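Values quoted throughout were computed directly from the atomic coordinates according to the rules given, and no laboratory measurement underlies them. Here the structure is a predicted model, which means the values were calculated and not measured. Cβ atoms come from the backbone with ideal geometry, glycine included; neighbour counts cover every protein chain shown.
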Amino acid sequence: MAIPVIDIRNVSRVYESAAGFVHALRSVTLQVERGEMLCIMGPSGSGKSTLMNILGCLDTPTTGTYKLEGLDVSLLTDDELAELRATRLGFVFQSFNLLARATVLRNVMLPLIYAGVPRSKRALRAAKALIAVGLPPAHFDHKSNELSGGQMQRVAIARALVNDPAVILADEPTGNLDSATSEMVMETFARLRSEGKTIVIITHDPEVAAWADRTVYIRDGKLLSAEEEREFVSRMDGRGRI
């Protein structure tokens, strides 16, 4: 059997605060197969951002295991984790996180610089990533702050894609976009998924989740069972709130 790209088993995350211990995640088990688009839905404070931080190797579980492409990340040093984030994980954020005064091409080249890719190959790889997300070459020399919101998010997706990561992690990627632009961004994700990319999306939006191969629901730090999911979905409004 193929090894899941993401394999977390009985993962819990406990934080200590002035008010006591906070159980952000409680015994979460989840596998994501290669080429799958998965959505994670849940209300504010449900633990979905903590789960995304663990998947992105930005945080570590208190208990449980996380394997990325079969590699137990708990065994890695800080430097090895940094390299893993730079080469095997791509991040897309709600606020784009682009350098406003840098060109589109320069923004997409940045992960290649951090990964030590030779200068002679950076521009070509960045251009290929931008073409893959449907951004016309005429925009490559524009500053990122000259683009529309949808175009900026495409640049952010290209930046996440440029190192050919094992997983693209997207945190509310359509949160700052109107419905038409959101659909354009999701079409970009769908095209990448059809080309074999593995994508994990955090969203509040049921319309975004409808694009996924599978949606899991999290509440109070726990993934919901099938019966709990049905009840949860029946109580949501059109914006994914309960």
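Computed quantities for the displayed model
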read-out	value
Filter on Lys121/Lys197; Lys67/Lys121; Lys67/Lys197; Lys48/Lys197; Lys67/Lys143; Lys197/Lys222 - keep pairs with C-alpha separation over 29 Å	Lys67/Lys121; Lys67/Lys143
Ordering of 176-186, 211-221, 13-23, 101-111 by burial proxy (mean other Cβ atoms within 10 Å per residue, highest first)	101-111, 211-221, 176-186, 13-23
Least to most buried among Thr29, Thr188 (fewest other Cβ within 10 Å first)	Thr29, Thr188
Gain on full stretching of the segment that runs from Glu83 to Ile3 - 0.36 nm per residue minus C-alpha separation	26.7 nm
Charge dipole magnitude, Cβ of K and R +1, D and E -1 - the range 91-176, Cα centre, debye nearest 20	400
Rounded to 5, the percent of DSSP beta bridges in the chain classed as antiparallel	50
Estimated dipole of the chain in Debye, rounded to 20 [Cβ of Lys and Arg +1, of Asp and Glu -1, Cα centre]	660
In nm, spacing of pseudo-spin labels at His23 and Ala100 (7 Å Cα→C-beta vector)	4.4
Within the range 1-99: Cβ-based charge dipole about Cα centre, in debye rounded to nearest 20 (Lys, Arg +1; Asp, Glu -1)	360
Helical segments meeting 27 Å axial Cα length and Kyte-Doolittle -0.5 threshold in the chain (DSSP H)	none
